Structures are given as structure tokens and as C-alpha cells.
Amino acid sequence: MRNVIVTGGSRGIGLGIVRRLAKTGYSVMALARKESPELREAIDEAARSGTGSIGFAAYDLAETDGMAALVKQLRKDLGPLYALVNNAGMSVDGTLALTSATQIEQVVRLNVVSPILLSKYVLRSMMADGAGGRIVNLASIIAFTGYSGLSVYGATKASMIGFTRSLAREVGRTGVTVNAVAPGFVDTEMTKGLTEEHREQIVRRSSLRRLVEVDDVAAAVEYLLSDGARNITGTVITVDAGNTA
């Protein structure tokens, strides 16, 4: 069974990815600061199904100093690491002029520094095992389109796309693929905070006249981890119901 690490796997898109990969037969390790009731339910469900499996490791990804030890322990506990899905992230709403330096640094640290460092240590493990592997980074269509009030978030997601393309060139010879998935507005707790008028505006702008669902994003990640995607690297799959078409 192939081992996959999913960061931010306790809720939202991360939990959707964890659930889908387990159903497909992967051994999934969800990383998050704490285990949510929904993740616990998914762990129990996977155990009953007998297909894949879900584990949980409590870790604050802002604590970058402990990442090398974390990956070493996961490799020891699980065996060879097949894939890393860098999903964890945060945003700060508001104009840049009124955003504190501390908030900016927190977003950049969690959305850029943490996934880059975690990728570094997972890559070392993959290269030592010599069996290739997969890295998938969660970006956002905001990296292409921009969005008022999310300039810092947009900057971090654009940087992950640059990271994806450059790292793909760097590690291709080792058999590791590196890709990104850029979701549009996904029907999650985050978008439930939007006004009905705003949601309808987003739907009207989309070619398919609907919001993206979590499982649509999870399906794209699943595909990039599959054998069918073995020759896809350095690319971005946009899952936005045609919002940017």
C-alpha cells in the first residue's frame, strides 16, 4: 500500500483528499494541529472499509524546526513515502495597508516556507529509497486572477506555482513528479461565510454555473498520484467550474 502524507488533513479540502485517497486504497497520514471529529469519523470509516487506511499525526506546520525529525519518524513508522500533498494553508482577509507585519509573516510561513521545507525532507526520503514519488501542491485560481483583500494569500499561492514548476525540473531525473492543483471557489465552510449575493455572483461568472465541490479537487489530486499521471509534471490543474475560462 502506497503511503501518502496530506497536510491540513483534518477539515475542508484536506479532509476530502484524505477520504478519497483512502477509498482508492492508499495509506494516508493526515497532518494537522489537532484531530477533528470529522477526521476521527473518516479514520473509523476507513478501518471498517478495509480498502485504504487513515492515520493522524499532530503537528503544527508553523514549527519548521521539527520537520526533519517528523519526516524521519513517519518514514520509520510507515515505510517508504510515495507522495506528499501540501494542502495546509491560511489567509488573512483585508487590505494590505491594514494588515500587520506579523499576520503577513504568518501567512507566508505557513503557505510557502512550511511546504517548501516539508517537501525538502520528504524528497530526501524519496530519493534515498530510489522509487520515485509524487508531490502535489494546492494553489488557487487567485494566483492567476488576483482578488481584492487577498493580496498576501495570492502572493503565496503564486509562489507555490513557481516552486512547483522549478522543482519538477530539478527532481524529474529521480522519478519524482511535482504538480499543483488550483481550485476555484470551493463549497466549503469558508465560502459559506460569503453572502448569498456574492455566492450567486461567483456562480454566474463560472462557465458551469456552480461552485466546485471538495471531491472535485480531491479527484484531481487522486489523478496526479495515479499511474496514469506518471508523465505529467510541472503543471497546474485548474478545478474552478470554468471560473477562469
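Ser91: part of a loop (DSSP other than H, G, I, E, B) and among the polar types (S, T, N, Q), yes or no? When the stated conditions are applied, Ser91 passes them.
So how many residues does segment 118-143 have that are under 19 Å from the mean Cα position of the chain (by Cα), part of a helix (DSSP H, G or I) and over 16 Å from Ala220 (Cβ atoms)?
Taking segment 118-143 as the starting set, the residues that turn out to be under 19 Å from the mean Cα position of the chain (by Cα) are 118-123, 126, 133-143.
Now restrict to residues that are part of a helix (DSSP H, G or I): 118-123, 126, 142-143.
Cutting the leftovers down to over 16 Å from Ala220 (Cβ atoms) gives us 118-123, 126, 142.
Matching residues across segment 118-143 total 8.
Consider segment 180-190 and keep the residues that are touching a residue at least 40 places away in the same chain (Cβ under 8 Å) and touching a strand residue (DSSP E or B) at 6+ places or on another chain (Cβ under 9 Å). The one that is most open to solvent (accessible area, probe 1.4 Å) is Phe185. Residue pairs whose Cβ atoms lie under 7 Å apart, separated by 6 or more positions or on different chains, with the first residue in segment 99-118 and closer than 23 Å to Val136 by Cα and β-branched (Val, Ile, Thr) and the second open to solvent by 60 Å² or more (accessible area, probe 1.4 Å) and not in a helix (DSSP H, G or I), are Val107/Met90. Residues in segment 146-179 that are within 13 Å of Asn111 (Cβ to Cβ) and in contact with a strand residue (DSSP E or B) (Cβ under 8 Å, 6 or more places away or on another chain) were compared, and the one that is most open to solvent (accessible area, probe 1.4 Å) is Phe163. Scanning segment 73-83 finds one or more residues that are surrounded by 20 or more Cβ atoms within 10 Å (Cβ to Cβ), of a type in the set (Gly, Ala, Ser), modelled with pLDDT of 95 or more and not in a helix (DSSP H, G or I). Tell me, please, whether a residue that is open to solvent by 60 Å² or more (accessible area, probe 1.4 Å), at pLDDT 95 or above, assigned to a helix (DSSP H, G or I) and not hydrophobic (A, V, I, L, M, F, W, C) can be found in segment 194-217. Yes, the conditions are met somewhere in segment 194-217. All of Gly12, Gly25, Gly8 fail the test of being under 15 Å from Val214 (Cα atoms) and surrounded by fewer than 24 Cβ atoms within 10 Å (Cβ to Cβ), apart from Gly12.
The values are calculated or read from the model by the stated rules, or taken from the named source; none is laboratory data. Predicted model only: the values in this text are computed from it and were never measured. As a convention, Cβ positions derive from the backbone with ideal geometry for all residues, glycine included, and neighbour counts pool all protein chains shown. In case anyone asks, the SASA skips ligands and DNA or RNA and just uses the protein heavy atoms, side chains included. Shrake-Rupley method; radii C 1.70, N 1.55, O 1.52, S 1.80 Å.
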